[in-house]
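These notes are about the structure you will find just below.
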Amino acid sequence: MNGLILFAGGLLLLWLGRSIFIPLLAAVILWYLINAIASYYRRAIPVKTTNSVHGRHLSLALDWVSGILAGLTIIGAMFLFSTQVRPMSNELMAALPELQQKLVDFGHYLSGEIGIRFDASMLPNISKIASTVGASAVGMATTIGMILVYMIFMFVEQSTFNKKFAALFPNKKRSKKMRYILGSIDANMKKYLFMKTLISGVTGILSYFWLTAIGLPFAGVWAFIVFITSYIPTIGAIVACGLPILYSLVTTDGLNQPLLTAGGLIGLQILFGNIIEPKLTGKTLNLSTLAILINLVFWGMIWGVAGMFFSVPLLVATFIITAQFDSTRWIAILLSADGKIPAKSEE
């Protein structure tokens, strides 16, 4: 009974504190992503260091260079979005009323051809939805500011994390175990975030080239949606493919362009999401598909769309942590894809 009360209390705390937890978690994930990119840049720099004083200074300088390059990579991606995608988004917003009418006409066409009863009120009001999204985007300015503040302080205090950890866990046995857990989470999270971002970016770019080649308007917007929704398991792929396919259906005559849109986007999702990504990530995510879907719904109910984006990183952390304690290893087994879970640290 006490456990149930604690669980309910935890859910209530997560829901009530979402305005604090969501920006903080977003900042942590971006911080992880920048560090992951920086670590790959560091490996790519063909300079070896030694344990001498000069070598340590050189290593520190290379770490700074890698971090700056990683930050510039993120800033460059944001600049590309603002200069390329944002103008297209504004054009798409202006075209929404016409798109709404075409959607109604398309519904009447299907009603006449197939005989399905159609009522315009059954369709979603695209303009209203877009206005709501726009208002939410304006409200996100404060959230983005909080995320940036959190990130800045994380990078400022990053060098003190080891000292704080040692002070928190003075017991050597417990300290070793906690370092193993945090190290496993750190390694797996960095690999997942880097690979996921890389694969999502490549998928988005190829989607842009394909949609541009077949002449679908607002290719940049659809490609950006493909990139962003790739972080949401299963549902993200449906949204990424469904929106441009629906747009091509209601704005073009015939089925040639819709079929090309569907074939290209679905093919890219299968290639990168189902074939390439599992090979590149290896055993980083040995998670049950059912567990991922349940986790997606759970966090979506608590934190909305933001919870869906964070669902997989949170599940990875839960999977690793529960595998380290005898009382919770059964949870890790249920979350795993094949019953194999991370090894416990040596006691």
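The values are calculated or read from the model by the stated rules, or taken from the named source; none is laboratory data. Because the structure is predicted, anything quoted here is derived from the model rather than measured. Ideal geometry is used to build each Cβ from the backbone, glycine not excepted, and the neighbour counts take in all protein chains shown. Each accessible area value is taken on the protein alone, full model and side chains, heavy atoms only, with ligands, DNA and RNA left out. Shrake-Rupley method; radii C 1.70, N 1.55, O 1.52, S 1.80 Å.
Restricting attention to the stretch 3-11, does a residue exist that is under 30 Å from the mean Cα position of the chain (by Cα), closer than 21 Å to residue 313 by Cα and modelled with pLDDT of 75 or more? Yes, the stretch 3-11 contains a residue that is under 30 Å from the mean Cα position of the chain (by Cα), closer than 21 Å to residue 313 by Cα and modelled with pLDDT of 75 or more. The residue that is nearest to residue 223 (Cα to Cα), counting only those in the stretch 152-178 that are surrounded by 15 or more Cβ atoms within 10 Å (Cβ to Cβ) and touching a residue at least 40 places away in the same chain (Cβ under 8 Å), is 154. Based on this model, can you work out whether residue 278 counts as surrounded by fewer than 18 Cβ atoms within 10 Å (Cβ to Cβ) and either touching a strand residue (DSSP E or B) at 6+ places or on another chain (Cβ under 6 Å) or without any contact (Cβ under 8 Å) to a residue 24 or more places away in the chain (or both)? Here the answer is yes, as residue 278 does meet what is asked. Restricting 198, 255, 246 to those that are open to solvent by 50 Å² or more (accessible area, probe 1.4 Å) and within 29 Å of residue 279 (Cα to Cα) reduces the list to 198. In the stretch 228-253, the residues that are under 30 Å from residue 313 (Cα atoms) reach residues that are in a loop (DSSP other than H, G, I, E, B) and aliphatic (A, V, I, L, M) with C-beta atoms within less than 7 angstrom, at least six apart or across chains, in these pairs: 244/216. Looking at 314, 296, just one residue is among the hydrophobic types (A, V, I, L, M, F, W, C), open to solvent by less than 20 Å² (accessible area, probe 1.4 Å) and under 25 Å from residue 186 (Cβ atoms), and that residue is 296. Residues that are open to solvent by 40 Å² or more (accessible area, probe 1.4 Å) and hydrophobic (A, V, I, L, M, F, W, C) within the stretch 179-193 comprise 182, 187, listed in sequence order.
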